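Visitor: Dropping a structure here in structure tokens format, bear with me for questions.
Read-outs: derived from the displayed coordinates by stated rules, not from any lab. Predicted model only: the values in this text are computed from it and were never measured. Because the Cβ atoms are built from the backbone with ideal geometry, glycine has one as well, and the counts that use them run over all protein chains shown.
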Amino acid sequence: MNKLILIALPIGMLLSSCAEKQQPSIMQSKVDAFAEVELKSDISALSPKEKELLVYLFDAATVMDDIYWEQAYGNKKELLDTCSDAGEKQFLEINYGPWERLNANNAFIPRFGAKPLGANYYPSNMTEQEFNTFEDSTKTSLYTIIKRGDDGKLLSIPYHVAYKYKIQKAADLINKAAKLAEDVGFKKYLELRAEALLTDEYYSSDMAWMDMKTNNIDFVVGPIENYEDARYNYKAAHEAFILIKDQEWTKKLARYASLLPKLQQLLPVEAKYKTEIPGSSSDLGVYDAVYYQGDCNAGSKTIAINLPNDARVQLEKGSRKLQLKNSMRYKFEKILEPIGKILITPDQQKNIKFDAFFENVMFHEVSHGLGIKNTINNKGNVRGALKEKYSTIEEAKADILGVYQVLQLTKMGEITNKDLMDNYVTFMAGIFRSVRFGAASAHGKANMLTFNYFKEKGAFTRDENSATYSVNFDKMTEAISSLGGLILTLQGNGDYEGTAQLIEKMSVIDPTLAADLNRINQAGIPTDIRFKQGKKVLGL
């Protein structure tokens, strides 16, 4: 029997020191590129028990952060203890390691070298052949890490074993919160989620999460997204959100959930690619985010959530789309709107509006639940067929179909008093914002793909004199439809080669765009946001 080597080592090197100093002003400027904002919400309407259970959720979320540090880098304390410069420490914490997430994961402490594509999910010296010939049915599971035993051979270790003590601590805290929960649906979800963390079986808790309708608080917790594993896109990363529901805004959006089957049939693709019926339990909610920990807090900050990712749950019940209104508004006001004033032609700047930004993001999340989950030609599910290309093409699908849904709902009369140019121009400004995420991000690649496709189709023009962009309404409408159809076809066919070629061709930044993006940086517009957050900030 193999004995697991439990020593956690930082990736890339053993005891590298941060003593290799950057100029403090340079490192602090990197930190300052993330505008600091406070995560607050009005919790006066919450009951005493709800406020009490929040304390346990904050503590459980912090455990998720600790686990994510192990997955993304290794030993957090060892890394930070070697640094004396405050700015450098802050930037390490923003990036969860010495690699700059919004700059192609380049090392900002050079001695660490390139970030391993597989983060800390696999041994750094594991070869492709070695993994391919490793016979273990769980090696591609979302919820295992690959380690070496003392004989040097590969082992596939379940998360609840690899992170046993941290997982037990988080589960205990969540169960304490569950005992205080007054909402029946929320209570059931918390109990099942605590059990899921201990077993790596998340289906039942995902189903219970879908059934929650009357909760005031939401808690997204566990290993969820697989972007951190850039080697195979197999492994899920731990994270946690604590959210306070905005009841008024949520009621406004409730009617859209019932329209998902109709929106599925209106997709711009042949009928054989839209035979799947979205689950009827899908719902749209608006929340204030009050705590981000783990994967969702690394680098660029999430402003909307579409979960669960389990295709079985999506087909049976759909998904829930949570709009994080306070984070969204911060990004709009501090980043997107200022970018638009630089890169969008003056006569279209009036079309850059928060409501349009909100709609584009909301229907981006809706669109993750539309389309096709299983290929039409027996290649299995789309995620498996497209492998490491899946995340990029799925984000591109959601981006483009999100705007397409606004167009369709306007035609249906479900959205009224609508100037679609607001959504088109705001979407263009949003592309410039997202492209700054860099080539290391699936979202950044997806936005570059969209930008270059629009350019090829004449959906926008660039004025050489003012170096600003303007949207052509008719050609933008055509491009949105044709790109949506192309992506849905690639996904439905499980066309790995075609998808790879599209991404390779379109996910590039040409010199002209690079120069325009540099103007954004020179203007001092924040790259993203960072949070002043926690119990005290919320008033607990």
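Visitor: Sequence neighbours fewer than 8 away in the same chain don't count; with that in mind, list the lysines whose C-alpha is under 19 Å from LYS317.
Guide: Straight-line reach from LYS317, under 19 Å: LYS188, LYS213, LYS262, LYS274, LYS373.
Visitor: Now for a different question. I'd like to know which of MET210, ILE335, LEU198 lies farthest towards the positive end of the charge dipole of the chain, counting +1 on Cβ of Lys and Arg and -1 on Cβ of Asp and Glu.
Guide: About the Cα centre, the residue reaching furthest to the positive side is MET210.
Visitor: With charges only on Cβ, +1 for K and R and -1 for D and E, what is the dipole size of the chain about its Cα centre, in debye, rounded to 20?
Guide: 380
Visitor: With +1 on the Cβ of every Lys and Arg and -1 on the Cβ of every Asp and Glu, and nothing else charged, how large is the dipole of the range 246-529 about its Cα centre, in debye rounded to the nearest 20?
Guide: Dipole size: approximately 360 debye.
Visitor: Can you return the aspartates and glutamates within cross-link range of LYS251? Criterion is Cα-Cα under 12 Å, with same-chain partners fewer than 8 residues away left out.
Guide: ASP283
Visitor: Test of understanding: ordering LEU486, LEU502, LEU190 by Cβ neighbours within 10 Å, fewest first, what list do you get?
Guide: LEU486, LEU502, LEU190
Visitor: If neighbour count is taken as other Cβ atoms inside 10 Å, put GLU504, GLU248 in order from fewest to most.
Guide: Fewest-to-most Cβ neighbours within 10 Å comes out as GLU248, GLU504.
Visitor: Something else about it: Just subtract the alpha-carbon distance of LYS387 and LYS475 from 0.36 nm times their residue separation and send over the number in nm, one decimal.
Guide: Value of the extension gain: 28.5 nm.
Visitor: Could you tell me how far the Cα centroid of the range 320-338 sits from the Cα centroid of the range 479-540, in Å?
Guide: 16
Visitor: Can you spot the aspartates and glutamates whose alpha carbon is less than 13 Å from LYS411's alpha carbon? Ignore those fewer than 8 places along the same chain.
Guide: In chain and number order, the partners are ASP419.
Visitor: How far is it, in nm, from the label point at ARG329 to the one at MET412 when both lie 7 Å from their Cα along the line to the Cβ?
Guide: Computed distance between label sites ARG329 and MET412 equals 2.8 nm.
Visitor: Considering the options ASN417, ALA254, ILE509, tell which one lies farthest towards the positive end of the dipole of the range 246-529, charges being +1 on Lys and Arg and -1 on Asp and Glu at the Cβ, about the Cα centre.
Guide: ALA254
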